[in-house]
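Student: Okay, here's the structure, questions in a sec.
The values are calculated or read from the model by the stated rules, or taken from the named source; none is laboratory data. Just so you know, these numbers come straight off a predicted model, no measurement behind them. Positions of Cβ are generated from backbone atoms using ideal geometry, with glycine treated the same way; all protein chains shown enter the neighbour counts. We work out accessible area using only protein heavy atoms, side chains counted, and drop any ligands, DNA or RNA first. Shrake-Rupley method; radii C 1.70, N 1.55, O 1.52, S 1.80 Å.
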Amino acid sequence: MSLLVVRSLAKSLARRVLLAIDDLNLSAGKSYVLTGENGSGKSTLLRLLAGIEAPDGGSGCFEGRPFGWKPYPDWLRRQLTYVHQQPYLFHSSIADNIAYGLRARGVARGERERLVDDALSWARLRHLLDTPPARLSGGEKQRLALARAWVLRPKLLLLDEPTANLDADSRQQTIELLRTFGSSGTTAVIACHDRDVIELPDMQRLDLVGGRIVQ
Amino acid sequence: MGLVDATQAALLLLVSGDAELWGTVGVSLSVTLRAMLIAMPLGIAAGYLLATNDFPGRRLLIIVTQGLLASPTVVVGLILYLLLSRQGIFGELQLLFTQTAMVIGQVLIALPVLVAFSLSAIQGADPRARETALALGAGAPRIAWTLLLEVRFALMAAVCSAFGRIVSEIGCALMVGGNIAGVTRNMPTAIALETSKGDFAQGIALGIVLLLVALGINSAFAFFQGESRR
């Protein structure tokens, strides 16, 4: 079953084509890894799908419901989430960071606290609860960003190079979280060069060359 | 009276709780705090809108705001005087020589400082802050609130800077307040008056209070600036 279908998605900057995708069809519950050289359009595609940037043109359909980018619909924004290569953590507590998207969705306080508690356990961050986010290591920051996304149970998860710049241990922990995230039924699109991520079971590869999907 | 004697008399006035002196301090702080309460939300909101929106005339507005940072307070006072005087377009409101007129004047002086500093603080925020809020499903009001919280120390520095500028300004307060004892006489206007009368003790005592207020504000400004760079 299709989760997201995108057609004629294009983005250029100063006459340079950043992205030109004729047709992209993402199935529900599947995981995709976006590969390609630097500048091939991986991050641009993720940012367009997340509604952070607007394309020059294109149309989409999410679970059969058509949408456009101008403006990007709020209902779609609530169905997916995006995590930066270097995640930004708000200058508040770890629990507040995880609760942010739940607050934006109007989740009641009791339910929010329960979900945050689950996310802390899932990402193994409970022992760091009193640590300011700015003092976390790179791996811990990545786990917090994943927990902040996981707690929302998004139908579509967009990740930009989640294992880049991490040490071996942090990388393994992040890959383990990606594996459990994938098994929860979420469709994931992961821009990545990491072979261990590319070779995760049931991972479908989408290769981008010059802004076009060739595989 | 020599400087030493005058200083001793000033300290005595301060510790004895001289009603006139502390009344003047009260007028000063009351007017400035009311002005800040009005100017803060307006200035920060205007800074946010300028920082996050593109519209025709935006660049001109930024240039004008930055130009107004250096506007002489006495000129602001003069313009306000002309507007509020009996022949002015707001003359019927009979606001001239009232604390309300002083508050309006201080709001006008504080606004460019708040707008320019807020603009700079919000423009300097990490772009990922807004993108992350957006990606997590926040609507426009929550994104705005989040961004302001993320740059809160820089905004506090803006508030301190505006407070420091208006609490010590004399030109506008003198012109639209009229320096009426117990009503519109604030610290800067009282210092000027008492000194011109030769009552150095009162002037020095008020000067010490004003200096301590300015020192406190500047220390807070330095603290918040330091925190915002961490």
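Student: Cross-chain or 8 or more residues apart, Cα under 24 Å: how many lysine pairs in the protein assembly as shown fit that? Count them up, please.
Tutor: Lysine pair count for the protein assembly as shown: 9.
Student: For chain B, with only Lys/Arg (+1) and Asp/Glu (-1) charged at the beta-carbon, what is the dipole magnitude about the Cα centre, in debye rounded to 20? Mind dumping the intermediate values first?
Tutor: On the way: 13 positive and 12 negative charges, 135 e Å.
Its charge dipole is roughly 660 debye.
Student: Also: Principal axis extents for the stretch A:85-125, Cα atoms only, whole Å, descending order, please.
Tutor: The Cα atoms of the stretch A:85-125 stretch 30, 22, 17 Å along the principal axes, largest first.
Student: Counting Lys +1, Arg +1, Asp -1, Glu -1, what net charge surrounds A:Pro87 among other residues with beta carbon under 9 Å of its beta carbon? Mind dumping the intermediate values first?
Tutor: Working: positive: A:Lys141, A:Arg148, B:Arg128; negative: none.
Taking every Cβ under 9 Å from that of A:Pro87, the sum is +3.
Student: For the Cα atoms of chain B, what angle does the longest principal axis make with the long axis of helix B:200-229, in degrees from 0 to 90, nearest 10?
Tutor: Tilt of helix B:200-229: around 10 degrees.
Student: Near the amide H of A:Val33, under 5 Å away, which other amide H atoms are found, from residues 5 or more places off or on another chain, if H is placed in the peptide plane?
Tutor: Close amide H contacts, sequence-distant or interchain: A:Ile190, A:Gln204, A:Arg205, A:Leu206.
Student: Then there's this: So if I restrict to the alpha-carbon atoms in the protein assembly as shown, what is the Rg, and what is Dmax, the biggest pairwise distance, in Å?
Tutor: 29.2, 94
Student: Kindly compute the accessible surface that chains A and B hide from a 1.4 Å probe when together, both sides summed, and give it to the nearest 100 Å².
Tutor: Numbers: alone 10630 and 12270 Å², together 21140 Å².
The contact between B and A buries close to 1800 Å².
Student: Let me ask something else about it. Expressed as a whole percent, how much of the Cα-Cα distance distribution for the stretch A:53-102 exceeds 17 Å?
Tutor: On the way: 641 of 1225 pairs.
That tail contains 52 percent of the Cα-Cα pairs.
Student: Using a 1.4 angstrom probe on heavy atoms only, work out the carbon and sulfur share of the accessible area of the stretch B:88-168 in %. Don't skip to the answer; put the middle values down first.
Tutor: Numbers: 2080 of 3180 Å².
C and S atoms contribute 65 percent here.
Student: If you add up the charges near A:Leu34, with Lys and Arg at +1 and Asp and Glu at -1, over every other residue whose beta carbon is less than 11 angstrom from its beta carbon, what do you get?
Tutor: Details: positive: A:Lys42, A:Arg205; negative: A:Asp160, A:Glu161, A:Asp207.
Within the 11 Å Cβ shell, the charges total -1.
Student: Could you tell me which residue out of A:Ala149, B:Ala205, B:Leu111 lies farthest along the dipole of the protein assembly as shown toward its positive end? Charges go on the beta carbon: Lys and Arg +1, Asp and Glu -1, centred on the Cα centre.
Tutor: The Cα lying farthest towards the positive end belongs to A:Ala149.
Student: On average, how many beta carbons from a partner chain sit within 10 Å of the beta carbon of a residue in A:98-110? Don't skip to the end; give the middle numbers.
Tutor: Numbers: counts 0, 0, 7, 6, 2, 4, 9, 3, 0, 0, 0, 0, 0.
Per residue, the number of nearby Cβ atoms from other chains is 2 on average.
Student: Could you compute how fast the stretch A:36-137 diffuses translationally, taking Rh as the Kirkwood radius over C-alpha pairs and applying Stokes-Einstein at 20 °C with viscosity 1.002 mPa s? Give it in µm² per second.
Tutor: The Stokes-Einstein estimate is 133 µm²/s.
Student: Follow-up question, since we're still on this one. Rg(Cα) of the stretch B:64-129 divided by 2.2 N^0.38 Å?
Tutor: Working: Rg = 15.8 Å, N = 66, 2.2 N^0.38 = 10.8 Å.
Compared with the compact-globule rule of thumb, the stretch B:64-129 sits at 1.46.
Student: Using amide H atoms built in the peptide plane, which far-off residues or other-chain residues are under 5 Å from B:Ile180 H to H?
Tutor: B:Arg185
Student: Keeping all protein chains in place, calculate the accessible area per residue for chain B (probe 1.4 angstrom), answer in Å².
Tutor: On the way: 11340 Å² over 230 residues.
It amounts to 49 Å² per residue over chain B.
Student: Which value, to two decimals, describes the C-alpha radius of gyration of chain B once divided by 2.2 N^0.38 Å?
Tutor: Values: Rg = 20.3 Å, N = 230, 2.2 N^0.38 = 17.4 Å.
So chain B has a normalised radius of gyration of 1.17.
Student: Under the Kirkwood approximation applied to all pairs of distinct alpha-carbon atoms, what is the hydrodynamic radius of the stretch A:107-208 in Å? Each step should come with its number before you reach the end.
Tutor: Details: mean 1/r = 0.0695 Å⁻¹.
This gives a value of 14.4 Å.
Student: Something else about it: With viscosity set to 1.002 mPa s and temperature to 20 °C, compute the Stokes-Einstein D of the stretch B:64-177, Rh being the Kirkwood radius across alpha carbon pairs; µm²/s, no decimals.
Tutor: Estimated diffusion coefficient is 135 µm²/s.
Student: May I ask for the net charge around B:Ile44, where only other residues with Cβ less than 15 Å from the Cβ of B:Ile44 are counted and Lys, Arg are +1 while Asp, Glu are -1?
Tutor: Numbers: positive: B:Arg152; negative: B:Glu150.
Taking every other residue near B:Ile44 into account, the sum is 0.
Student: Still on this model: What's the Kirkwood radius of the stretch A:2-213 in Å, using all Cα pairs?
Tutor: Numbers: mean 1/r = 0.0568 Å⁻¹.
Taking every pair of different Cα atoms in the stretch A:2-213, averaging 1/r and inverting gives 17.6 Å.
Student: If you average the alpha carbon positions of the stretch A:74-91 and of the stretch B:156-177, how far apart do those two centres end up, in angstrom?
Tutor: Spelled out, the Cα-based centre of one part sits 42 Å from the other.
Student: Also, quick follow-up: Looking only at other chains, what is the average number of their beta-carbon atoms within 10 angstrom of each beta-carbon in B:125-135? All intermediate terms of the calculation are to be shown ahead of the outcome.
Tutor: Details: counts 0, 2, 2, 7, 4, 2, 8, 14, 5, 8, 18.
Partner Cβ neighbours, averaged per residue: 6.
Student: To the nearest 20 Debye, how big is the dipole of the protein assembly as shown about its Cα centre, given +1 on the beta carbon of each Lys and Arg and -1 on that of each Asp and Glu? Display every interim value, and only then the final one.
Tutor: Values: 42 positive and 36 negative charges, 212 e Å.
In total the dipole reaches around 1020 debye.
Student: If I fit a long axis through the Cα atoms of helix B:99-123 and take the longest principal axis of the Cα atoms of chain B, what angle between them do I get, 0 to 90°, rounded to 10?
Tutor: Tilt of helix B:99-123: around 40 degrees.
Student: Oh, and also: So how tilted is helix B:140-150 from the main axis of chain B? Cα-based, degrees 0 to 90, rounded to 10.
Tutor: Value to nearest ten degrees: 60.
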